[in-house]
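Enquirer: Quick one: the structure is below, and I'll ask about it shortly.
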């Protein structure tokens, strides 16, 4: 299986090499055409100069003076080009290479070529001039006319292509060298960059494998030199791992707490039933212990019902609008408070109630809110020492309704405050002996309030603990 490094490296390398090849071919074509056009323009200029020289030298007379050959040789040497003169019949009569008697003198141009030159008023071409030169050349042919317009002959100016090819060869060599150098540098830089990018990816893969094998503390470490996308991916992975680790710890804690909480009542029920069956408990005391078994069974039933309520709320993800009704929150709180009259009287507690004179209407599920208030008041009464004070307050402000339930008693340590709403959490570990407490009351409260899209908070200072939750206030 190909790695991300090898795929990216191969793709970029092929792309760079392809680009360099296309660029090299295009550059060579451009330079070759440029050199060819330049050479042709120089030959055209030289041809015109020689035509003017011939016209000035012979005027209207035929071209046959040997002295002209010397002048032609000088002109050709200045322009660094080869030139020959043919008369009107196409016969070569003068050569700049050897003005005193070139072996090519007397060579005859074909009538077709003569006609092309005359018809086009000049001709440019590339190739071998047979009989004159053995190498490929740039050739420019121009007609020569006298002062009265009579046709006197043709001048052929040429230069070898070898010089252009030599320049192209040198340019190609330089380009190939620079291309190889660029490709090598690009490959080295690419390897470094790709390794920097692939290293955190491999680290993430390793962390994911370790996490999958049960190592919940596995995390991805970055050095700050990665790209933003890789950094974001590593951060997202670490956040996900932390969330899963927390969920796994909560699951383990939940199982441990449920097992612990179920252990005592199940042991009690089993012990009493076995005692009655084997006669350890006398028949006359059987009813007493059966009542205890009944109480423990009811406690287990309450635990299961509470857990089912929590599960249903979490599955819904919120309270549907059709399950919400408009009701007086102050009246709801007052009705719940009345149900605690006996417990309040037994502990000789003072109750301070602060509610507005007008109704405080809210839109919520009344049954669930009743349960919230009941659980908070139950906690307040349970943990308020005898003869102390509890208070219940309902207020409004900024389109919100606020319910506060306070009680005097032991201050909750600051480190415990963030944990009071966790399920099965008990601030006082000795409360495990409290047979009416599962540590689920405040967790249910937070779940219900959260399902309404509202918030609940707790403060505890100077011997007073206050729980405050919000609901929407409606007209």
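The values are calculated or read from the model by the stated rules, or taken from the named source; none is laboratory data. This is a predicted model, so every value here is computed, not measured. All Cβ positions, glycine included, derive from the backbone under ideal geometry; neighbour counts span all protein chains shown.
Enquirer: With respect to residue 310, is the statement that it is surrounded by 11 or more Cβ atoms within 10 Å (Cβ to Cβ), closer than 21 Å to residue 446 by Cβ, touching a strand residue (DSSP E or B) at 6+ places or on another chain (Cβ under 8 Å) and at pLDDT below 85 true?
Expert: no
Enquirer: To continue, here is another question. Yes or no: region 127-136 includes at least one residue that is farther than 20 Å from residue 94 by Cβ, touching a residue at least 40 places away in the same chain (Cβ under 8 Å) and out of contact with any helix residue (DSSP H, G or I) (no Cβ under 7 Å at 6 or more places or on another chain).
Expert: The answer is no, given that none of the residues of region 127-136 is farther than 20 Å from residue 94 by Cβ, touching a residue at least 40 places away in the same chain (Cβ under 8 Å) and out of contact with any helix residue (DSSP H, G or I) (no Cβ under 7 Å at 6 or more places or on another chain).
Enquirer: Still on this structure, please answer the following. Quick one: which of 244, 216 is more than 20 Å from the chain's Cα centre (by Cα), touching a residue at least 12 places away in the same chain (Cβ under 8 Å), part of a loop (DSSP other than H, G, I, E, B) and surrounded by 11 or more Cβ atoms within 10 Å (Cβ to Cβ)?
Expert: Being more than 20 Å from the chain's Cα centre (by Cα), touching a residue at least 12 places away in the same chain (Cβ under 8 Å), part of a loop (DSSP other than H, G, I, E, B) and surrounded by 11 or more Cβ atoms within 10 Å (Cβ to Cβ) holds for just one of 244, 216, which is 216.
Enquirer: Out of 179, 163, I need the residue that is closer than 30 Å to residue 49 by Cα and either under 60 Å from the mean Cα position of the chain (by Cα) or part of a strand (DSSP E or B) (or both). Which one?
Expert: 163
Enquirer: Hey, can you tell me all the residues within region 357-384 that are more than 18 Å from residue 324 (Cα to Cα) and in contact with a strand residue (DSSP E or B) (Cβ under 7 Å, 6 or more places away or on another chain)?
Expert: The answer is 376, 377, 380, 381, 383, 384.
Enquirer: With respect to residue 405, determine if the residue is assigned by TED's automatic domain parsing to the domain that holds residue 463 and surrounded by 21 or more Cβ atoms within 10 Å (Cβ to Cβ).
Expert: Judged against the criteria, residue 405 is a match.
Let's see how each residue does on (1) in contact with a helix residue (DSSP H, G or I) (Cβ under 6 Å, 6 or more places away or on another chain); (2) surrounded by 12 or more Cβ atoms within 10 Å (Cβ to Cβ); (3) at pLDDT 80 or above:
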site: 22; (1), (2), (3): no, no, yes
site: 41; (1), (2), (3): no, yes, yes
site: 48; (1), (2), (3): no, yes, yes
site: 70; (1), (2), (3): no, yes, no
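Enquirer: For region 142-159, give me each residue that is at positive phi and either assigned to a loop (DSSP other than H, G, I, E, B) or under 60 Å from the mean Cα position of the chain (by Cα) (or both).
Expert: Within region 142-159, just 149 meets the criteria.
Enquirer: Right, another one. For region 377-398, which residues satisfy the criterion of being in a helix (DSSP H, G or I) and within 15 Å of residue 330 (Cβ to Cβ)?
Expert: 377, the sole residue that qualifies.
Enquirer: Would you check if there is a residue in region 451-461 being at pLDDT below 90, at negative phi and in contact with a helix residue (DSSP H, G or I) (Cβ under 7 Å, 6 or more places away or on another chain)?
Expert: Within region 451-461 (the criterion being at pLDDT below 90, at negative phi and in contact with a helix residue (DSSP H, G or I) (Cβ under 7 Å, 6 or more places away or on another chain)), the answer is yes, since at least one residue qualifies.
Here is a yes/no grid of residues against (1) in the same structural domain as residue 43 (by TED's automatic domain parsing); (2) at pLDDT 70 or above; (3) farther than 23 Å from residue 148 by Cβ; (4) surrounded by 12 or more Cβ atoms within 10 Å (Cβ to Cβ):
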site: 83; (1), (2), (3), (4): yes, yes, yes, yes
site: 86; (1), (2), (3), (4): yes, yes, no, yes
site: 100; (1), (2), (3), (4): yes, no, yes, no
site: 115; (1), (2), (3), (4): yes, yes, no, no
site: 119; (1), (2), (3), (4): yes, yes, no, no
site: 129; (1), (2), (3), (4): yes, yes, yes, yes
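Enquirer: If you don't mind, another one. Can you find a residue in region 424-443 that is modelled with pLDDT of 85 or more and surrounded by 17 or more Cβ atoms within 10 Å (Cβ to Cβ)?
Expert: The answer is yes; a qualifying residue exists.
Enquirer: Moving on to the next point. Would a scan of region 183-202 turn up a residue that is buried (at least 19 other Cβ atoms within 10 Å of the Cβ) and over 30 Å from residue 115 (Cα atoms)?
Expert: yes
Enquirer: Suppose the filter is modelled with pLDDT under 90, in the same structural domain as residue 353 (by TED's automatic domain parsing) and within 12 Å of residue 372 (Cα to Cα); does residue 420 pass it?
Expert: The answer is no for residue 420.
Enquirer: A further question on this structure: Return only the number of the condition from (1) part of a helix (DSSP H, G or I); (2) at pLDDT 90 or above; (3) under 30 Å from residue 321 (Cβ atoms) that residue 404 does not satisfy.
Expert: (1)
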